[in-house]
Amino acid sequence: MRIGLFTDAYPPFINGVATSVYMLKQGLEQLGHKVYVVTVNDESFSYKEEDGVLKIPSIPIGIMDFRQSGIYPLKALKVIKKWKLDVIHTHTEFSIGTFARLISKQFNIPLVHTYHTMYEEYIHYITKGYFSSASKKLVEYLTLFLCDKTIDELIVPTEKAKDLFKKKYKVKRDVYVIPTGVDTTRFHKENIKRTDLINLRHDLNLKTNDFIILYVGRIAKEKSIDFLINNFNDVLKKVPKAHMVIVGDGPDMTDLMNLTHKQKLDDKITFTGRVLWKDIAKYYALANVFVTASKSETQGLTVIEALSASKIVIAKDDDAFRLVIEDKKDGFLFNNDNDYVSLIEWVYKNPKQAKEIEKNARIKADKYSPLNYAKEVVKVYNKVLNKDTNVFKKTIHNIKNVLEKSGDKK
């Protein structure tokens, strides 16, 4: 099968969508498929094609790290036409996604779409708190148009996202829940050099006996990192050796650093800023526990990465995380401040029992391999291809019936 993945985010850019597309490409290639990627180039006026990845000129739009490409770049169209794609799979609703929809219609190529982002959680970046209700209605309208009316099949990574479409938006179409794959082996602790951890601890100015509490992800309002900071003084009362490491970058970095200073935690919380993709596994290996209070995730890939590193995850009790974590078996889910602090204390004071949960975490994470991810996605591809074949056969059958009936009349 010849498959085109269309996305606004792809490595070396780091976010959940970029990881998802990269993992899918790996898994599909393991299954023997030919995979092409169309994405944005961070150079405004330059096309680049290498190893089946076509990067289209784009410009920043001033919202988070998003970039906008041309809707119908003719130079890219000529390249894509030569690929002779069987299926187009979009991972963005805008920019590159719009281009993919036009190609799908022009060349009659089936289009599968994965909905990665709960856009209602991100409206504040545009509205700044104004017209929130009207904006959510607009988001709903656009989501239904782009994820229901203009595609052949729809994939989501969690039941939470499926509920958005089936229960809130009331769509009638099939919605397939396929969790994103993660290259779990890259986070396995045995694949991390001890010298790298020693050097990283030194670079972060951490003591050898510090109990490291790790957050990895976008530094933004919807991730609720302020919850982690506001509760850290209570954590220190229970775990005096605790030190939090916050890995990532984003629009709320300055505000959260100011909050840290206000709470007098400058020497207990370290902000690393953006970390290179190749180095991120070291940070997981360094940690004693991984935490997140986010309620905006569709899946939360960093949680799976932490589980892959055999780390205990303490996450907000949310639909996105219930899919991955079985509470008290391979991680923990919390509902309030007290639960959150108490769970960190438990991990700190019960290292023997914690080892069993760490072992279960690794087992759980290995279910999310790129190969397993790709196998489930291919089932959707086959369905949409068979659907097109069935429609064609049905059309031929109807034509034959019409011809036979007209013959009878003669």
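Just one residue in the set Leu307, Leu236 is surrounded by fewer than 22 Cβ atoms within 10 Å (Cβ to Cβ) and touching a residue at least 24 places away in the same chain (Cβ under 8 Å); that residue is Leu236.
One residue alone among Lys355, Lys375, Lys329 is assigned to a helix (DSSP H, G or I), modelled with pLDDT of 95 or more and farther than 30 Å from Glu29 by Cβ, and that residue is Lys355. Quick one: is Asp266 part of a loop (DSSP other than H, G, I, E, B) and more than 29 Å from Asp183 (Cα to Cα)? So Asp266 fits the description; yes.
Selection within the stretch 63-118: residues that are among the hydroxyl-bearing types (Ser, Thr, Tyr) and either modelled with pLDDT under 90 or open to solvent by 40 Å² or more (accessible area, probe 1.4 Å) (or both). The member of this set that is farthest from Asp42 (Cα to Cα) is Thr117.
Looking only at the stretch 264-297, filter to residues that are more than 28 Å from Lys237 (Cβ to Cβ) and touching a Leu at 6+ places or on another chain (Cβ under 9 Å); which one of those is least open to solvent (accessible area, probe 1.4 Å)? Checked the stretch 264-297; the qualifying residue least open to solvent (accessible area, probe 1.4 Å) is Asp279. Selection of the stretch 27-56 for residues being within 30 Å of Lys367 (Cα to Cα), surrounded by 14 or more Cβ atoms within 10 Å (Cβ to Cβ) and of a type in the set (S, T, N, Q) yields only Thr39. So in the stretch 1-26, with the set limited to residues that are among the aliphatic types (A, V, I, L, M) and assigned to a helix (DSSP H, G or I), which one is most open to solvent (accessible area, probe 1.4 Å)? Selected residue: Val17. Name the residues in the stretch 311-326 that are open to solvent by less than 10 Å² (accessible area, probe 1.4 Å) and either closer than 13 Å to Ile213 by Cβ or not in a helix (DSSP H, G or I) (or both), would you? Matches in the stretch 311-326: Ile312, Val313, Ile314, Ala315, Val324, Ile325. Looking at the stretch 201-224 only, could you name the residues that are touching an Asp or Glu at 6+ places or on another chain (Cβ under 7 Å) and assigned to a helix (DSSP H, G or I)? Selection gives Lys221, Glu222.
Within the stretch 188-218, the only residue that satisfies the criterion of being at pLDDT below 95, of a type outside the set (D, E, K, R) and under 23 Å from Asp249 (Cα atoms) is Gly217.
Looking across the stretch 239-249, the residues that are open to solvent by 20 Å² or more (accessible area, probe 1.4 Å) and touching a residue at least 24 places away in the same chain (Cβ under 8 Å) come down to Lys241, Asp249. The single condition from (1) in a helix (DSSP H, G or I); (2) open to solvent by 40 Å² or more (accessible area, probe 1.4 Å); (3) at pLDDT 95 or above that Val341 fails is (2).
Among the residues of the stretch 166-191, those identified as more than 18 Å from the chain's Cα centre (by Cα) and over 30 Å from Ala287 (Cα atoms) are Lys166, Lys167, Lys168, Tyr169, Lys170, Val171, Lys172, Arg173, Asp174.
Matching residues to (1) charged (D, E, K, R); (2) over 30 Å from Asp279 (Cβ atoms); (3) in contact with a Gly (Cβ under 8 Å, 6 or more places away or on another chain); (4) in a loop (DSSP other than H, G, I, E, B):
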| residue | (1), (2), (3), (4) |
| --- | --- |
| Lys166 | yes, yes, no, no |
| Val171 | no, yes, no, yes |
| Tyr176 | no, yes, no, no |
| Arg186 | yes, no, no, no |
| Asn199 | no, no, no, no |
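Using beta carbons and a limit of 6 Å, which pairs, at least six apart or on different chains, have the first residue in the stretch 276-304 and part of a loop (DSSP other than H, G, I, E, B) and the second one among the acidic types (Asp, Glu) and open to solvent by less than 10 Å² (accessible area, probe 1.4 Å)? Filtered contacts from the stretch 276-304: no entries. Considered as a group, the residues in the stretch 152-168 that are touching a strand residue (DSSP E or B) at 6+ places or on another chain (Cβ under 7 Å) and free of Cβ contacts under 8 Å to residues at least 40 places away in the same chain include one that is nearest to Ile304 (Cα to Cα), and that residue is Lys162.
The values are calculated or read from the model by the stated rules, or taken from the named source; none is laboratory data. Being a predicted model, the structure only gives us computed values, none of them experimental. Heads up, the Cβs are rebuilt from the backbone with ideal geometry, glycines too, and the neighbour counts pull from every protein chain shown. Heavy atoms of the whole protein, side chains included, go into the accessibility calculation; ligands, DNA and RNA do not. Shrake-Rupley method; radii C 1.70, N 1.55, O 1.52, S 1.80 Å.
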